[in-house]
Amino acid sequence: MPLFRASKKPAPVRVEASSTATLSTATLALLSASVGAGRERAMRIPTISRARDLLAGLISTTPLLHYVQEWDGTELVDRPIAPEPWMLRPDRRTTLAHTMSWLFDDLLFYGRAYLHIDARYASGFPSSMSWLPYEITNLQTPAIEGNYPIGGITEITVNGSRVPIEDVIIVYSPVAPLLEAGSRAILTAELLEKAAQRFASSPTAFGWLKVNSGEPLSGDELSDLAEAWAEMRAGDNGTAVAALSSEVDWHESTMDASKLQLVEARQHQALELARVANVSPFLVGAPTSSGMTYSNAQEARRQLAQDALPYLSAIEQALSSDTVLPRGHVVRFDRTIFSETSGNTPGVTPS
């Protein structure tokens, strides 16, 4: 005898959620454009950008499947059933891939992500939903520990407009937000990138000018001499020829260019950023002393799916809650495609 049984129900009738009217046109226009300054800084770092895009690419391109759980006398068994329309396209204005990628983005950087229920069936279950950017969504709660509101949520506002709590689905990340756990690593990477940029943007080789004779020059005069020398050497394409009199000598620095560009330090920091992003270093091109490599895209895809597992599970469980689906119904990502031999992982090229 099954523990859960799907009941036959009449054709669903679509009704609008009570909170739709409270979301202004201006608010809806911000859905794709609203991102935080902290996230933007992190995304300028290649390792973070690579990790985010690999995980988002995997999650957003994996189909959602609908099951009803039944007891076979020994264990719960997932029996496939037809998907709800929102499982194919949750937001009528955009695609499933877009919604899922930005839902994951908020989980990665902030530890919480939000979906707004735009419309419901007569049964009360959602028929469509849309992504609410973390940056414009605010929770009022007595206290927050980690990323979870302790004592319940008393109010939710979106871009300053109050939204009924029951019309918001909250997905909580099981891992620490990247912008918190990786704040020091991100700052260090920024400083290293700036130092390397200063070296790369220098129009001339590093070195110094030495005045051999004549009266001692003042600080301003020495600065003018150095600027004039750099300007002549730079020219329009960095290959202009400059001339010096016998009173002045040019001494080029013998420092190793790789040290000036901080190559080893930046490689180490790439490894640190892969760690805080919870992505296997080889996937983002970070060096690793373990020697772990993957020879084909299928194996790399499996590893990427393992790295994405905490986010996949968090989204699945939020979308399977009793406020979204009837009890006994669950939604899952189609994880069978992670082991298929056809198709490549987005951004992963087989060696």
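The values are calculated or read from the model by the stated rules, or taken from the named source; none is laboratory data. None of these values were measured; they are calculated from a predicted model. Every residue, glycine as well, gets a Cβ built from its backbone with ideal geometry; the counts of neighbours run over all protein chains shown. These accessible areas exclude ligands, DNA and RNA; they are computed on the full protein's heavy atoms, side chains included. Shrake-Rupley method; radii C 1.70, N 1.55, O 1.52, S 1.80 Å.
Some notes on this structure:
- Inter-site label distance for Glu180 and Tyr148 at 7 Å from Cα along Cβ, in nm: 1.2 nm
- Sequence of Ser223, Ser128 when ordered by accessible area, the most exposed leading, probe 1.4 angstrom: Ser223, Ser128
- Sequence-ordered 3J(HN,Hα) estimates for the range 324-337 from the Karplus curve with 6.51, -1.76 and 1.60 and θ = phi - 60° stand at 10, 10, x, 4, x, 9, 9, 10, 9, 6, 6, 6, 5, 6 Hz, glycine and proline given as x.
- Each label was represented as a point 7 Å from its Cα along the Cα-to-Cβ direction; for Thr323 and Asn138 these points are 2.0 nm apart.
- Largest to smallest in accessible area, the residues Tyr311, Tyr110, Tyr172 fall in the order Tyr172, Tyr110, Tyr311 (1.4 Å probe, all protein chains included).
- Nonlocal amide H pairs with Ala277, under 5 Å, H built at 1.01 Å: none
- To put it simply, the accessible area of the range 115-158 at a 1.4 Å probe is 49 percent carbon and sulfur.
- Heavy-atom accessible area, probed at 1.4 angstrom with all protein chains present, ranks Glu190, Glu272, Glu180, Glu135 as Glu180, Glu135, Glu272, Glu190, highest first.
- For Arg112, distant residues with modelled amide H under 5 Å away: Ser173
- Contour excess over end-to-end distance, with Cα ends at Asp224 and Met43 and 0.36 nm allotted per residue: 61.3 nm
- When the convex hull of its Cα atoms is projected in every direction, mean area for the range 76-162 (nm²): 8.1 nm²
- Computed from phi, the 3J(HN,Hα) profile of the range 269-278 under the Karplus parametrisation 6.51, -1.76, 1.60 (θ = phi - 60°) reads 5, 4, 5, 4, 5, 4, 5, 6, 8, 6 Hz, with x in place of Gly and Pro.
- Built amide H within the under 5 Å cut-off of Ala119, gap 5+: Ala17, Ser127, Ser128
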